[in-house]
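Everything below concerns the one structure shown next.
The values are calculated or read from the model by the stated rules, or taken from the named source; none is laboratory data. Because the structure is a prediction, the values reported are computed rather than measured. Glycine gets a Cβ as well: all are built from the backbone with ideal geometry, and neighbour counts include every protein chain shown. Quick note on the areas: whole protein, heavy atoms, side chains included, nothing else; ligands and nucleic acids left out. Shrake-Rupley method; radii C 1.70, N 1.55, O 1.52, S 1.80 Å.
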2 protein chains.
Amino acid sequence: MKRITREELNELDQRYRTHLINSVSGFKNLNLVGTISENQKPNLALFNSIFHLGANPPLLGMVFRPDGPEHDTFNNIIQTGQYTLNNVRENFYKQAHQCSARYRSGESEFLACGLDEEYLNAFRAPFVKQSSIKIGLELREVLPVSLNGTRIMIGEIQLISVGEGLISDDGYVSIEQGGTLTCSGLDSYHRTEKISRLSYAKPDRFPDVIG
Amino acid sequence: MKRITREELNELDQRYRTHLINSVSGFKNLNLVGTISENQKPNLALFNSIFHLGANPPLLGMVFRPDGPEHDTFNNIIQTGQYTLNNVRENFYKQAHQCSARYRSGESEFLACGLDEEYLNAFRAPFVKQSSIKIGLELREVLPVSLNGTRIMIGEIQLISVGEGLISDDGYVSIEQGGTLTCSGLDSYHRTEKISRLSYAKPDRFPDVIG
């Protein structure tokens, strides 16, 4: 095993450290975030920092860097109060990755990267037509993180759209069956292969395979 | 596509909604969190809510529910200022899942679930011997989330221990090669299969496969 201490981390080349720290903590979710500006310009950005914050109310968190290319996304959400999450599937993962390029402010990544806008119910923010799992959110709070200048945006789920057969009887959405990819680090894309679901853990017995 | 609105979410059975909301936003990382109490009782808990917050300084966030079984973990971190993350591999994923059971406070999940403590450098908090990727952290801040009573704990990486061959020339850690699993929802475990790494996205060209 190779050990790297805090002091050694400080001495690493910046790009090396960025790859190392971004990959070491585990797999991440991958979502295209759709927004629209007050003057109706759609925007699409790739995020891997979305996390579950609670089921009741249904809240998700998302991290914004102080200097990231996701500046338009942040401003659009502040302006309109809305955003969408859309899963990334293997047949368009390169287009999704390309949404991270620093396009001119106001240029639509939908057009530039070859993905299609879709509008569901009364939601103003665009969804991605090619995705099989889509979530519409409303902004609830922005938490500033003084340690490094990032901001955590918290949104409440207002709409879920998933392929008909993907929801199990107990509410679990088979995101793998929906073709959802995961990522590690900044640029590594992975498909998944289910091992099993396990029964609720109790102290007096070992878990059973339940699916 | 099946659509579920916010109003319909409210009417769902609580367990159904919990499974739905926990699974729909994508794959999650999976880490065993090792801690020790002031009076030297080790604790191990399974988390899927850890997220990257920044590479410089190297910060990770982690969500604590108001009423979760991870109460001991939270208290130990407040007491000692330290905790460890340890990846979950297929050969012990059932033991890892079992760490979520509500054992009596002070009872060691290492012993109860059949995993081994390991102590690295001068770190007081225990690592998991069976893991191939281990991270030692020091607590930096606790952010309360007033919306739902959760708390986001932010830690700074102090030590990384990874299998010698897992780090690429550019710093990327091949967590898949290290046997790291991902999860979806509350109880579904998945191995991964790498598709590719893609080159840094630029507006004027489509990404290349780089590994």
Problem set entry | Among residues of segment A:132-159, those that are farther than 30 Å from B:G54 by Cβ and not hydroxyl-bearing (S, T, Y), counted | 1
Problem set entry | Selected residue (only one of B:K94, B:K134 is among the charged types (D, E, K, R) and over 23 Å from B:D187 (Cβ atoms)) | B:K134
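Residue by residue through segment B:2-39, note down the ones that are among the small types (G, A, S) and over 18 Å from the mean Cα position of the chain (by Cα). Full working, then the answer.
Of the residues in segment B:2-39, the ones among the small types (G, A, S) are B:23, B:25-26, B:34, B:37.
Across segment B:2-39, the qualifying residue is only B:S37.
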Seminar exercise, completed: Apart from one, (1) in contact with a helix residue (DSSP H, G or I) (Cβ under 7 Å, 6 or more places away or on another chain); (2) part of a loop (DSSP other than H, G, I, E, B) all hold for B:E107; the odd one out is (1)
Exercise. Identify, please: which residue in segment A:38-62 is facing another protein chain (nearest Cβ under 9 Å) and farther than 17 Å from A:E156 by Cβ and is, among those, surrounded by the most Cβ atoms within 10 Å (Cβ to Cβ)?
Worked result: A:L46
Exercise. Mind checking whether some residue in segment B:78-85 is in a strand (DSSP E or B), in contact (Cβ under 8 Å) with a residue 60 or more places away in the chain and open to solvent by less than 20 Å² (accessible area, probe 1.4 Å)?
Worked result: yes
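What residue, of A:S100, A:S146, A:S105, A:S132, is polar (S, T, N, Q) and closer than 20 Å to B:L9 by Cβ?
Details: A:S100 fails: closer than 20 Å to B:L9 by Cβ; A:S146 fails: closer than 20 Å to B:L9 by Cβ; A:S105 fails: closer than 20 Å to B:L9 by Cβ.
It is A:S132.
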Exercise. What number of residues in segment A:110-121 are more than 10 Å from chain B (Cβ to nearest Cβ), surrounded by fewer than 21 Cβ atoms within 10 Å (Cβ to Cβ) and assigned to a loop (DSSP other than H, G, I, E, B)?
Worked result: 2
Exercise. Considering segment A:93-104 alone, what residues qualify as being of a type outside the set (S, T, N, Q), open to solvent by 10 Å² or more (accessible area, probe 1.4 Å) and assigned to a loop (DSSP other than H, G, I, E, B)?
Worked result: A:R102, A:Y103, A:R104
Seminar exercise, completed: Flagged pairs (Cβ under 8 angstrom, 6 or more apart or on separate chains; first in segment B:187-211, more than 7 Å from chain A (Cβ to nearest Cβ); second among the polar types (S, T, N, Q) and not in a loop (DSSP other than H, G, I, E, B)) are B:V209/B:S196; B:I210/B:S196; B:G211/A:S188; B:G211/B:S196
Problem set entry | Top-ranked residue in segment A:130-155 [being in contact (Cβ under 8 Å) with a residue 40 or more places away in the chain and of a type in the set (S, T, N, Q); ranked as nearest to the other protein chains (Cβ to nearest Cβ)] | A:N148
For this session: Would you check if there is a residue in segment A:1-23 being more than 9 Å from chain B (Cβ to nearest Cβ) and over 23 Å from B:G136 (Cα atoms)?
Result: no
Exercise. Taking segment B:177-186 as the region of interest, how many residues are facing chain A (nearest Cβ under 7 Å) and more than 28 Å from B:A101 (Cβ to Cβ)?
Worked result: 0
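Output the residues belonging to segment B:27-41 that are among the charged types (D, E, K, R) and touching a strand residue (DSSP E or B) at 6+ places or on another chain (Cβ under 7 Å). Give the derivation first.
Looking only at segment B:27-41, we keep the residues that are among the charged types (D, E, K, R), and these are B:28, B:38, B:41.
Across segment B:27-41, the qualifying residue is only B:K28.
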Seminar exercise, completed: Exactly one of B:R15, B:R65 is of a type in the set (D, E, K, R), touching a strand residue (DSSP E or B) at 6+ places or on another chain (Cβ under 7 Å) and open to solvent by 20 Å² or more (accessible area, probe 1.4 Å), and that residue is B:R65
For this session: Kindly list, by first and then second residue, each pair from a residue in segment B:104-116 that is without any contact (Cβ under 8 Å) to a residue 24 or more places away in the chain to a residue that is surrounded by 13 or more Cβ atoms within 10 Å (Cβ to Cβ) and assigned to a loop (DSSP other than H, G, I, E, B), limited to pairs with Cβ atoms under 6 Å and residues at least 6 apart or on different chains.
Result: B:A112/B:Y103; B:D116/B:K129
Exercise. What is the number of the single condition among (1) touching a helix residue (DSSP H, G or I) at 6+ places or on another chain (Cβ under 7 Å); (2) closer than 22 Å to A:L20 by Cβ; (3) of a type outside the set (A, V, I, L, M, F, W, C) that B:G114 does not meet?
Worked result: (2)
Exercise. Any idea which residue in segment A:63-98 is nearest to A:K28 (Cα to Cα), counting only those that are among the hydrophobic types (A, V, I, L, M, F, W, C), in contact with a helix residue (DSSP H, G or I) (Cβ under 9 Å, 6 or more places away or on another chain) and within 11 Å of chain B (Cβ to nearest Cβ)?
Worked result: A:V88
